[in-house]
Amino acid sequence: MPAPTEFIKYVDAHKDAFIARLGEAVAIPSVSGDPSHRQDVINMAGFIKRLLEPLGVKVELKDIGMEKQTDGSELPLPPVVFGVLGDNPNKKTILLYAHYDVQPALVTDGWNTDPFTLSPDNEGRLFGRGSTDDKGPLIAWINIIEAHVKLGLELPVNLRFCFEGMEESGSEGLDDLIIREKNGFFESCDCVCICDNYWMNDRTPCLTYGVRGMSYYRLVVSGPARDLHSGLFGNTVHEPMTDLILLMSKLVTPNGEILIPGLDKLVAPLTDTERKRYETLDFALTDIEDQVGAKIVLSDDKARVLMGRMRNPSLSLHGIEGAFYGPGAKTVIPAKVQGKFSIRLVPNMTPENVDPLVVKYLHDEFAKLKSKNTLKVENIHGGKPWMADPDHWNYRAAIKATEKVYKKKPDLTREGGSIPVTLTFADVLGLNVLLLPMGRGDDGAHSTNEKLDTYNYIEGTKLLGTYLHEIAVTN
Ligand code: BES
Ligand code: MN
Ligand code: MN
């Protein structure tokens, strides 16, 4: 059953209204990682509720408790938005997940426009924080419901919405809620669709059947009771920053090779058939060069580069809290510094089997320094990797929908990024999960000048709507 032509026409005719609606969503700075924006994240949940309710969706804002801050204080977690539309036992029930929080963004990071004002350019690119990650997709689901309601078209499936506000900060509280509601809210769900990743390039749509997991660490080195003058105490005491830089330099080589012993043994072995799959994906090294804006790929071997993203772990150094970073030349010895790094996990790695190796290695390396400072290694958050069976009716419906809307066969990909909840849906609810992306590889999620092309937003809205019609008749 193809999507009704009225639906497709409605989406085209309402392009400007849909862009305006995305603009309203982007204008709420729902940055989950910044405590000063917590109220904005909570407001975003209210905004979504006000859009869904008039369309007949039964909405509940689920309280998931408090978040402990590093200073011991507590902040309310933003609610998970639950929505129910349809309860026909003769229809499949599709669970739709998206997140309404975003990464931080400051004009001074290098944005050309205000990050929280959706700004179109003359090529139809819509710039703004969250445009592609993940407000465009979330609003698209609302647009689809609106189209059906306004046209008096019956949806061929029942829907359950699960929209969270802490995804960018490790999805705190969500797993527990899913476990609690397994036989409640989630009871009747037959499969899951998540629209929260991207095409590999700017031309070929894809479906994604795997994401990497992650373990995020904080490495704290402390020594003196307060910041010190380097003229008075340099070459006099053990300096925390010197210890930390040395430790951080022992985690990964400039070629991306992880130096923590034992990690490589946890990685599922590569087969010939799997390697061939990477060679046939529509992807060129220039796609990465375009996306990062420089010719700095690690290798000329396309399969090696794709495997580095999709099927092998990676370790990235993210920052040092407590280090002097202002302009000028301050002659300080910082008293306490925290190095941040994360490891992207692939099958069969888990935070549980990786953590002990990381902690032991860092303590061993620290012992070799013979420093009298103190080292603490902490896991801040983590999630396991996930892979689905792409030979499932959920994927077949998405392939048919992609072919109808884009007139192209989608590539089947695995993603380097992480969406912790995918595995929870798969494991706890026992459901097939499909990642059906809307945006392109060069959208710049998490980066400056994040954008979503109007083309991808509008055609992507048609794609998600068409998927709901195809899935009703796919077995
Ligand atoms: N939409 C991304 C996930 C993603 C990124 C999928 C790149 C595919 C490619 C999501 O919003 C995200 O950023 N996730 C975080 C999760 C982390 C905080 C646990 C990530 O990947 O860094
Ligand atoms: Mn996202
Ligand atoms: Mn993200």
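Of note:
- Looking only at residues in the range 350-374 that are part of a helix (DSSP H, G or I) and touching a His at 6+ places or on another chain (Cβ under 9 Å), the one that is nearest to G417 (Cα to Cα) is P351.
- Scanning the range 420-443 for residues that are within 11 Å of ligand 1 (Cβ to nearest atom) and open to solvent by 10 Å² or more (accessible area, probe 1.4 Å) turns up P420, G441.
- Considering residues of the range 446-462 that are surrounded by 22 or more Cβ atoms within 10 Å (Cβ to Cβ) and within 16 Å of ligand 3 (Cβ to nearest atom) only, the residue nearest to E168 (Cα to Cα): E450
- Of the numbered criteria (1) more than 16 Å from ligand 2 (Cβ to nearest atom); (2) part of a helix (DSSP H, G or I); (3) open to solvent by 10 Å² or more (accessible area, probe 1.4 Å), the one E154 fails is (2).
- Lone qualifier among N379, N432, N373, N394 - being in contact (Cβ under 8 Å) with a residue 24 or more places away in the chain, polar (S, T, N, Q) and over 27 Å from L177 (Cα atoms): N373
- Meets criteria (out of contact with any Ser or Thr (no Cβ under 6 Å at 6 or more places or on another chain) and within 14 Å of ligand 2 (Cβ to nearest atom)) for A98: yes
- Residue selection: P137 satisfies the criterion of being touching a Cys at 6+ places or on another chain (Cβ under 6 Å) and assigned by TED's automatic domain parsing to the domain that holds R50.
- G465 meets each of the listed conditions (1) in contact with a Ser or Thr (Cβ under 6 Å, 6 or more places away or on another chain); (2) of a type in the set (G, A, S); (3) open to solvent by less than 20 Å² (accessible area, probe 1.4 Å) apart from (1).
- Among (1) touching a helix residue (DSSP H, G or I) at 6+ places or on another chain (Cβ under 9 Å); (2) open to solvent by 30 Å² or more (accessible area, probe 1.4 Å), the one test that E172 misses: (1)
- If you go through the range 321-349 and keep only what is assigned to a strand (DSSP E or B), open to solvent by 20 Å² or more (accessible area, probe 1.4 Å) and more than 30 Å from E415 (Cβ to Cβ), you end up with V332, K336.
- Within the range 167-197, being closer than 16 Å to D63 by Cβ and either under 14 Å from the mean Cα position of the chain (by Cα) or within 16 Å of ligand 2 (Cβ to nearest atom) (or both) holds for S171, E172, L174.
- Within the option set S171, S188, being away from ligand 3 (no atom under 16 Å from the Cβ) and either of a type in the set (G, A, S) or part of a strand (DSSP E or B) (or both) holds for one residue only, S188.
- Residues that are more than 12 Å from R304 (Cα to Cα) and open to solvent by 80 Å² or more (accessible area, probe 1.4 Å), drawn from the range 278-293: T280, D290, V292
- Within the range 182-205, the set of residues being touching a strand residue (DSSP E or B) at 6+ places or on another chain (Cβ under 8 Å), of a type outside the set (A, V, I, L, M, F, W, C) and open to solvent by less than 40 Å² (accessible area, probe 1.4 Å) comprises D196, N197, T204, P205.
- Test: residue in the range 124-133 that is part of a loop (DSSP other than H, G, I, E, B), in the same structural domain as I48 (by TED's automatic domain parsing) and hydrophobic (A, V, I, L, M, F, W, C): no
- Of all residues making up the range 42-73, the number that are touching a Lys or Arg at 6+ places or on another chain (Cβ under 7 Å) and open to solvent by less than 30 Å² (accessible area, probe 1.4 Å): 1
- Any chance L246 is assigned by TED's automatic domain parsing to the domain that holds E365 and either modelled with pLDDT under 95 or in contact with a strand residue (DSSP E or B) (Cβ under 8 Å, 6 or more places away or on another chain) (or both): no
- Members of the range 91-111 found to be more than 17 Å from R38 (Cβ to Cβ) and assigned to a strand (DSSP E or B), listed by number: T93, I94, L95, L96, Y97, A98
- Scanning the range 1-26 for residues that are surrounded by fewer than 16 Cβ atoms within 10 Å (Cβ to Cβ) and closer than 16 Å to L118 by Cα yields a count of 5.
- Output for the range 414-435, where each listed residue is within 16 Å of ligand 2 (Cβ to nearest atom) and of a type in the set (V, I, T): I419, V421, T422, T424, V433
The values are calculated or read from the model by the stated rules, or taken from the named source; none is laboratory data. Because the structure is predicted, anything quoted here is derived from the model rather than measured. Glycine gets a Cβ as well: all are built from the backbone with ideal geometry, and neighbour counts include every protein chain shown. Please note that ligands, DNA and RNA were not included when accessible areas were found on the heavy atoms of the full protein model with its side chains. Shrake-Rupley method; radii C 1.70, N 1.55, O 1.52, S 1.80 Å.
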